[in-house]
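Reading through the structure tokens given below for one structure.
The values are calculated or read from the model by the stated rules, or taken from the named source; none is laboratory data. Keep in mind it's a predicted model, so treat the numbers as computed, not measured. Glycine also receives a Cβ, built like all others from the backbone with ideal geometry; neighbour counts cover every protein chain displayed. Just the protein is used for accessible areas: all its heavy atoms, side chains included, with ligands, DNA and RNA removed. Shrake-Rupley method; radii C 1.70, N 1.55, O 1.52, S 1.80 Å.
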Amino acid sequence: MSDQLTIALTKGRILRETLPLLASAGIVPLDDVSTSRKLVFDTSNPGVRLVIIRGSDVPTYVRHGVADMGVVGKDILLEHGAEGLYEPLDLGIARCRLMTAGPVGWSGSGGRIRVATKFVNIARRHFAMQGVHADVIKLYGAMELAPIMNLADLIVDIVDTGNTLRANGMEPLEEIAAISSRLVVNKAAMRSRYAIIQQVINDLTAVVPRES
Ligand code: PRP
């Protein structure tokens with residue numbers, strides 16, 4: 001096992017917004033993460049390395065303790081659970097909303113509804129809390145296509161600008177959760193490697209943009 005502190009990062013937009021925060025905390029990958037095919041990166045801090053993976057895999061690596069910390073969207077934590085993890089810091093980046101959405105003018109069917117989403121657990125909880133009978137259909141992307149093709153009545157998806165919904169004749173309906181990226185820490189590592197982990201938390205806390 002590496003003595004280095006290992007931080008698991010979510011690739012994509014979250015990574016692009018995470019790197020400047022890490023740089024402010026003195027952690028800069030030694031290779032260009034946007035062009036390299038590597039998955040593990042040493043950094044300007046010899047005690048810290050980064051692994052760059054899909055968001056839905058970040059909680060798994062941190063929960064198993066092979067990564068000490070991670071950066072992941074709150075949507076992933078809500079969908080897959082945060083068991084075994086501390087969530088000490090809202091990084092305030094990659095902000096968006098998790099919403100239900102439907103075709104413009106959709107007013108409900110009165111009975112069961114069909115909901116397409118990749119967030120099946122969140123969707124089931126949401127509609128169960130409302131007492132709505134929802135058949136939840138798992139998709140892996142392009143949720144907006146499902147109502148167009150009459151695979152589903154509604155979707156549960158991430159909404160940022162709303163452009164994707166508008167471009168597909170849909171509108172947002174209800175907000176389920178405000179989403180941003182969170183720092184997560186393995187609970188055992190928080191005890192066994194307290195000093196370095198707390199240092200990273202403190203350094204990131206100092207550079208996180210405050211809520212406006
Ligand atoms: C997300 C989401 C929507 C879109 C919303 O997809 O699933 O399709 O962004 O953004 P907007 O409101 O600004 O149009 P993303 O591009 O992240 O790809 P994904 O389907 O892989 O999650």
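Worth a mention:
- Pairing each residue of the stretch 161-179 that is within 25 Å of Val71 (Cα to Cα) with any residue that is among the acidic types (Asp, Glu), provided the two are 6+ apart or on different chains, yields C-beta distances under 6 Å for Ile179/Asp75.
- Within the stretch 69-87, the set of residues being modelled with pLDDT under 95 and within 20 Å of Ile196 (Cβ to Cβ) comprises just one member, Gly84.
- In the stretch 142-151, of all residues being assigned to a loop (DSSP other than H, G, I, E, B) and more than 7 Å from the ligand (Cβ to nearest atom), the one that is most open to solvent (accessible area, probe 1.4 Å) corresponds to Met149.
- Annotation note: Cβ proximity below 8 Å between a residue of the stretch 107-121 that is at pLDDT 95 or above and of a type in the set (S, T, N, Q) and a residue that is within 14 Å of the ligand (Cβ to nearest atom) and outside any strand (DSSP E or B) (sequence gap 6+ or interchain) occurs for Thr117/Ala123; Thr117/Leu139; Thr117/Met143; Asn121/Glu79.
- Scanning the stretch 10-48 for residues that are within 16 Å of the ligand (Cβ to nearest atom) and in a strand (DSSP E or B) turns up just one, Thr10.
- Scanning the stretch 81-97 for residues that are in contact with a helix residue (DSSP H, G or I) (Cβ under 6 Å, 6 or more places away or on another chain) and closer than 20 Å to Glu175 by Cβ turns up Ile93, Ala94.
- Residue within the stretch 54-69 that is in contact (Cβ under 8 Å) with a residue 40 or more places away in the chain, over 23 Å from Asn150 (Cβ atoms), in contact with a helix residue (DSSP H, G or I) (Cβ under 9 Å, 6 or more places away or on another chain) and in a strand (DSSP E or B) present: yes
- Hits in the stretch 152-174 (condition: touching a strand residue (DSSP E or B) at 6+ places or on another chain (Cβ under 6 Å) and within 13 Å of the ligand (Cβ to nearest atom)): Ile155, Val156, Ile158, Val159, Asp160, Leu165, Met170, Pro172
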